[in-house]
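**Q** Just dropping this structure here.
The values are calculated or read from the model by the stated rules, or taken from the named source; none is laboratory data. Quick caveat: nothing in here was measured; it's all calculated off a predicted structure. Cβ atoms come from the backbone with ideal geometry, glycine included; neighbour counts cover every protein chain shown.
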Ligand code: NAD
Ligand code: UD1
């Protein structure tokens, strides 16, 4: 089966590409490299010993997508491509709406034209806005607190409308919690541009000596040590969720949302401790003010993904930190030579 992987040079896409190749799928990757490097794909080839086609193309350009569908016998699509920085989406919202919405509209229009109706979409736990309680299940009310989150919510709505208009579609909306970690080879991982926004990439750079200390955003949340609680999921486990979702959309029709998390919540200080153990050195930190808009605790009810996809995670927070550190220490400048 040939699967088009959009955004396949990125963090989650590259880890998923490995598992697709290992499972015997043919893949075609499309990415405009706006937030990634082609080197990640060379490393995917190195890890798997398998080759695949790569198109450096922008999904905002519909003709480029059409060309890919003409040249390949695509049967399903996993759609990772999108811009994902929350803060940036607040400063340049039009770019986020333009990129994330137009790419998805173009992709779905071309899929419809070629009668390919199996789609796995990268949504996010951000669509739950400020959840009223935890764990969060898929039936919780949806809302957005920033333009990035709104693009995810809008795309989910678009895809629900699409299915309502044509029941031949089969769509999985995967709501990721907090993906971290890296492939155990240490060859691929997350390669943020500039100063990282998210916790673990930031800690990784503190551990590697590129940043002086971690700013912990508040210790007065109603959590066990006062710092924010999140559901961190190893990117390799998360990649496995895409294989399960692909099997689901290949064998049934409909549109369903699934939480992909572990169901466990860890505080910032617990992550600091696990990372410090993984890298064998102290992670200096200072408590600073809360980050505006942060929720105190966010973790998944994972029962639907378990029951309907047969998805469960195996890797621990310690594994996530060890693999993140292996990637960081082997590649202090990411994919840059
Ligand atoms: P990433 O930035 O590493 O990967 C996204 C890829 O899409 C990049 O390689 C980028 O170059 C590409 N891209 C962006 N716009 C494109 C366009 N118009 N045409 C072609 N390629 C384009 O991000 P990631 O962490 O791998 O995330 C993958 C998806 O999962 C994104 O949609 C993201 O919003 C979503 N998501 C990520 C997280 C997370 O914490 N990493 C959490 C929830 C959801
Ligand atoms: C971020 C995104 C969210 C996305 C999610 C998963 C923001 C505002 N939100 O949220 O849309 O769905 O990732 O990718 O970016 N922390 C610190 N110091 C830091 C960084 C983070 O203390 O330097 C704390 C945060 O306050 C939070 C926890 O660490 O309690 C995790 O933060 P982060 O990695 O940014 O993830 P989310 O807050 O879940």
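**Q** Just the residues that are more than 9 Å from ligand 1 (Cβ to nearest atom), free of Cβ contacts under 8 Å to residues at least 40 places away in the same chain and exposed (fewer than 15 other Cβ atoms within 10 Å of the Cβ), please, taken from region 43-66.
**A** Matches in region 43-66: 49, 51, 53, 63.
**Q** Going by the conditions given, is residue 3 modelled with pLDDT of 95 or more, buried (at least 21 other Cβ atoms within 10 Å of the Cβ) and either part of a helix (DSSP H, G or I) or within 12 Å of ligand 1 (Cβ to nearest atom) (or both)?
**A** Taking the combined requirement at face value, the residue does not satisfy it.
**Q** Tell me which of these residue 184 doesn't satisfy, since it passes every other one: (1) closer than 23 Å to residue 40 by Cα; (2) within 12 Å of ligand 2 (Cβ to nearest atom); (3) touching a residue at least 60 places away in the same chain (Cβ under 8 Å).
**A** If we test residue 184 against (1) closer than 23 Å to residue 40 by Cα; (2) within 12 Å of ligand 2 (Cβ to nearest atom); (3) touching a residue at least 60 places away in the same chain (Cβ under 8 Å), just (2) comes out false.
**Q** For the structure I just gave you, tell me whether residue 225 is surrounded by fewer than 15 Cβ atoms within 10 Å (Cβ to Cβ), in contact with a helix residue (DSSP H, G or I) (Cβ under 6 Å, 6 or more places away or on another chain), touching a residue at least 40 places away in the same chain (Cβ under 8 Å) and farther than 22 Å from residue 127 by Cα.
**A** On the way: surrounded by fewer than 15 Cβ atoms within 10 Å (Cβ to Cβ): yes; in contact with a helix residue (DSSP H, G or I) (Cβ under 6 Å, 6 or more places away or on another chain): yes; touching a residue at least 40 places away in the same chain (Cβ under 8 Å): yes; farther than 22 Å from residue 127 by Cα: yes.
Considered against the rule, which asks whether it is surrounded by fewer than 15 Cβ atoms within 10 Å (Cβ to Cβ), in contact with a helix residue (DSSP H, G or I) (Cβ under 6 Å, 6 or more places away or on another chain), touching a residue at least 40 places away in the same chain (Cβ under 8 Å) and farther than 22 Å from residue 127 by Cα, residue 225 comes out as yes.
**Q** Which number in (1) within 19 Å of the chain's Cα centre (by Cα); (2) closer than 18 Å to residue 39 by Cβ marks the one condition that residue 185 misses?
**A** (1)
**Q** When you go through 103, 14, 89, 40 one by one, which is the residue that is surrounded by fewer than 24 Cβ atoms within 10 Å (Cβ to Cβ) and either within 27 Å of residue 182 (Cβ to Cβ) or within 16 Å of ligand 2 (Cβ to nearest atom) (or both)?
**A** 89
**Q** Please go through region 173-217 and give me each residue that is away from ligand 1 (no atom under 16 Å from the Cβ), outside any strand (DSSP E or B) and in contact with a helix residue (DSSP H, G or I) (Cβ under 9 Å, 6 or more places away or on another chain), ordered by number.
**A** Result: 184, 185, 186, 205, 206, 207, 208, 210, 211, 212, 213.
**Q** Does residue 83 meet the test of being closer than 16 Å to residue 31 by Cβ, within 13 Å of ligand 1 (Cβ to nearest atom) and touching a strand residue (DSSP E or B) at 6+ places or on another chain (Cβ under 7 Å)?
**A** It is false that residue 83 is closer than 16 Å to residue 31 by Cβ, within 13 Å of ligand 1 (Cβ to nearest atom) and touching a strand residue (DSSP E or B) at 6+ places or on another chain (Cβ under 7 Å).
**Q** Of the conditions (1) over 24 Å from residue 78 (Cα atoms); (2) buried (at least 24 other Cβ atoms within 10 Å of the Cβ), residue 208 fails just one. Which one is it?
**A** Going through (1) over 24 Å from residue 78 (Cα atoms); (2) buried (at least 24 other Cβ atoms within 10 Å of the Cβ) one by one, residue 208 breaks only (2).
**Q** I would also like to ask the following. Kindly indicate whether residue 130 is modelled with pLDDT under 95 and under 22 Å from residue 259 (Cα atoms).
**A** It is true that residue 130 is modelled with pLDDT under 95 and under 22 Å from residue 259 (Cα atoms).
**Q** Additional query: How many residues does region 17-37 hold that are near ligand 1 (Cβ under 10 Å from one of its atoms) and either free of Cβ contacts under 8 Å to residues at least 12 places away in the same chain or surrounded by fewer than 21 Cβ atoms within 10 Å (Cβ to Cβ) (or both)?
**A** Final tally of qualifying residues: 5.
**Q** Could I ask something else about it? Condition (residue is over 21 Å from residue 59 (Cα atoms), in contact with a strand residue (DSSP E or B) (Cβ under 6 Å, 6 or more places away or on another chain) and assigned to a helix (DSSP H, G or I)) applied to region 86-105: is it met by at least one residue?
**A** Within region 86-105, none of the residues are over 21 Å from residue 59 (Cα atoms), in contact with a strand residue (DSSP E or B) (Cβ under 6 Å, 6 or more places away or on another chain) and assigned to a helix (DSSP H, G or I).
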